[in-house]
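Colleague: Sharing a structure with you now.
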Amino acid sequence: MATPRAVQDTTGVDVYAHQRLLLLADASVSLKGVFNAAANESHAVFSSVPSTSVVRATTITPTASTYPFLAFNAYYSSYDVTRSATGELTWASEGALADGTTPEWTNSA
């Protein structure tokens with residue numbers, strides 16, 4: 001997961017150190033997991049990635065019971081299912097900020 005901010009150098013000729021402007025915020029996430037046909041949660045969410053342009057609400061929580069959390073809307077650009085040489089079936093998906101809303105960590109009880 002990444003939440004970078006762009007910066008632009010604006011240093012004048014009359015100063016001896018960098019001056020910068022803080023620009024736009026962004027967010028991206030790389031999700032990975034084990035494909036579980038019985039539970040089927042990840043496949044139900046990501047299987048439409050290749051054929052639709054759906055904004056998906058994304059919430060990142062460090063653990064199931066720990067706050068704070070980061071929530072943002074994302075476009076997912078890939079859904080890769082891979083079987084390793086040893087037999088594990090895993091998935092990976094890449095998401096990027098969709099709607100221009102600045103992602104923020106939120107504390108909630």
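The values are calculated or read from the model by the stated rules, or taken from the named source; none is laboratory data. Quantities reported herein were computed from a predicted structural model and do not represent experimental measurements. Neighbour counts run over all protein chains shown; Cβ positions are idealised from the backbone, glycine included.
Colleague: Would you mind listing the strands (runs of 3 or more DSSP E) fully within the range 20-78 where at least 3 residues are closer than 18 Å to Ala92 by Cα?
Modeller: 28-34, 55-60
Colleague: Taking the range 5-19 on its own, how many of its residues are outside any strand (DSSP E or B) and either among the charged types (D, E, K, R) or exposed (fewer than 11 other Cβ atoms within 10 Å of the Cβ) (or both)?
Modeller: First, pick out the residues of the range 5-19 that are outside any strand (DSSP E or B): 10-19.
Pick out the ones that are also either among the charged types (D, E, K, R) or exposed (fewer than 11 other Cβ atoms within 10 Å of the Cβ) (or both) and you get 10, 12-19.
Adding up the residues that qualify gives 9.
Colleague: Has the range 7-27 got at least one residue that is in contact with a helix residue (DSSP H, G or I) (Cβ under 8 Å, 6 or more places away or on another chain) and either of a type in the set (Phe, Trp, Tyr) or modelled with pLDDT of 90 or more (or both)? Break it down into steps so the answer makes sense when it comes.
Modeller: Let us first name the residues in the range 7-27 that are in contact with a helix residue (DSSP H, G or I) (Cβ under 8 Å, 6 or more places away or on another chain), namely none.
For the range 7-27, residues in contact with a helix residue (DSSP H, G or I) (Cβ under 8 Å, 6 or more places away or on another chain) and either of a type in the set (Phe, Trp, Tyr) or modelled with pLDDT of 90 or more (or both): absent.
Colleague: Scanning the range 87-109 for residues that are closer than 30 Å to Leu22 by Cβ and loosely packed, with under 11 Cβ neighbours inside 10 Å, which turns out modelled with the highest pLDDT?
Modeller: The extreme case among them is Asp99.
Colleague: A follow-up question, please. Looking only at residues in the range 57-86 that are touching a Ser or Thr at 6+ places or on another chain (Cβ under 8 Å) and of a type in the set (A, V, I, L, M), which one is surrounded by the most Cβ atoms within 10 Å (Cβ to Cβ)?
Modeller: So the residue we want is Ala74.
Colleague: Among the candidates Ser84, Ser93, Ser53, Ser77, which residue alone is among the polar types (S, T, N, Q) and in contact (Cβ under 8 Å) with a residue 40 or more places away in the chain? Give the derivation first.
Modeller: Numbers: Ser84 fails: in contact (Cβ under 8 Å) with a residue 40 or more places away in the chain; Ser53 fails: in contact (Cβ under 8 Å) with a residue 40 or more places away in the chain; Ser77 fails: in contact (Cβ under 8 Å) with a residue 40 or more places away in the chain.
It is Ser93.
Colleague: Pick from Phe35, Phe46: which is modelled with pLDDT under 90, over 17 Å from the mean Cα position of the chain (by Cα) and surrounded by 10 or more Cβ atoms within 10 Å (Cβ to Cβ)? Show your work before the answer.
Modeller: Working: Phe46 fails: over 17 Å from the mean Cα position of the chain (by Cα).
Checking each option against the conditions leaves just Phe35.
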